[in-house]
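Colleague: Attaching a single structure in structure tokens format; questions to follow.
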Amino acid sequence: MCVYKIAKYLLFAFNFCFWLAGAATLGVAIWVLVDDDISDVVEVADISIYTGSYVLIVAGAVMLIVGFAGCCGAIKESTCLLGLYTVCLFAIFALEVGAAIWAFLEFNTLQEGIDQALNETTTKTNINNDDSYQTFQQNFKCCGTTTLCGGFDPSALYVNCECTDSDKSVCGVPSKAQLDDCPNYTTTQKIYLTPCNDALYDFVDDNMLLLAGVALGIGLAELLGMVIAMCLCCKIKDKGDI
């Protein structure tokens, strides 16, 4: 009986945390939609991240509902609610595994995709005439596309790449080696020293690792929740409270 009560309230606590995770997912999705820096990245690189945000909003709402059902099923000792909760949790877990596999397979082509997106963007409109791209350069402390001089009108290079940062690895007069792909476009002004494809790739890479860590934690918690829910269902049936 003591173990049964522990499992019951443990499941309730887990689902309350799951409900909070759903609220956090909604918050992240809304943040992605309204954040100006991410908006600049999306507009510059033609990344369909907004679609992913809407998916996260739906996922967050589903997590809120499932978490609420799990809490009610545990407190009310309802095998119907607990069974429905377990099925929904398994479906969510399966979708997350599928998404993780897809992301892992596509991750190796991320650099190529970013390079292509930036080159296509600046081919349509060079950086000199693209205010969004210039804002992107300042926000990400970068310059050009795949090279420091890429994407500019040759008659006026490094537009809005000027900087005043004290970190010499980020800002300074580019060396001959750093302008190896731009031999005829040297400059004596201080500019950001990182090509924008590298800056954008690092940004996505850093956030991908964070997302992977969060997803792993949620996945393990979901497995634990399914095990506890099934054990609780069996115990309730043994008591005859169906």
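The values are calculated or read from the model by the stated rules, or taken from the named source; none is laboratory data. Values in this document were obtained by computation on a predicted structure and should not be read as measured data. A quick note on method: Cβ atoms are made from the backbone with ideal geometry, for glycine too, and the neighbour counts reach across all protein chains shown. With ligands, DNA and RNA removed, areas are computed over all heavy atoms of the protein, side chains included. Shrake-Rupley method; radii C 1.70, N 1.55, O 1.52, S 1.80 Å.
Colleague: Exactly one condition in (1) surrounded by fewer than 16 Cβ atoms within 10 Å (Cβ to Cβ); (2) closer than 24 Å to Leu26 by Cα; (3) of a type outside the set (Asp, Glu) is not met by Cys88; state its number.
Modeller: Every condition holds for Cys88 apart from (1).
Colleague: Please go through region 175-197 and give me each residue that is open to solvent by 10 Å² or more (accessible area, probe 1.4 Å), more than 30 Å from the chain's Cα centre (by Cα) and not charged (D, E, K, R), ordered by number.
Modeller: Ser175, Ala177, Gln178, Pro183, Asn184, Tyr185, Thr186, Thr187, Thr188, Gln189
Colleague: Looking only at region 159-170, which residues are within 16 Å of Asp131 (Cβ to Cβ) and in contact with a strand residue (DSSP E or B) (Cβ under 7 Å, 6 or more places away or on another chain)?
Modeller: Cys161, Glu162
Colleague: Residue under question is Gln137, and the condition is that it be modelled with pLDDT of 80 or more and surrounded by 14 or more Cβ atoms within 10 Å (Cβ to Cβ); does it hold?
Modeller: Spelling it out, Gln137 is indeed modelled with pLDDT of 80 or more and surrounded by 14 or more Cβ atoms within 10 Å (Cβ to Cβ).
Colleague: Can you name every one of the helices (runs of 4 or more DSSP H) wholly within region 1-118 that holds 2 or more residues which are at pLDDT 80 or above and within 30 Å of Asp238 (Cβ to Cβ)?
Modeller: Here the list reads 2-34, 49-76, 79-107.
Colleague: In this structure, is Leu148 surrounded by fewer than 19 Cβ atoms within 10 Å (Cβ to Cβ), within 14 Å of Thr194 (Cβ to Cβ) and either of a type outside the set (D, E, K, R) or modelled with pLDDT of 90 or more (or both)?
Modeller: It is false that Leu148 is surrounded by fewer than 19 Cβ atoms within 10 Å (Cβ to Cβ), within 14 Å of Thr194 (Cβ to Cβ) and either of a type outside the set (D, E, K, R) or modelled with pLDDT of 90 or more (or both).
Conditions (1) of a type in the set (D, E, K, R); (2) touching a Pro at 6+ places or on another chain (Cβ under 7 Å); (3) assigned to a loop (DSSP other than H, G, I, E, B); (4) closer than 18 Å to Ile127 by Cβ, marked per residue:
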| residue | (1), (2), (3), (4) |
| --- | --- |
| Asp167 | yes, no, yes, no |
| Pro174 | no, no, yes, yes |
| Asp181 | yes, no, yes, yes |
| Tyr185 | no, no, yes, yes |
| Gln189 | no, no, yes, yes |
| Asp198 | yes, no, no, yes |
| Leu209 | no, no, no, no |
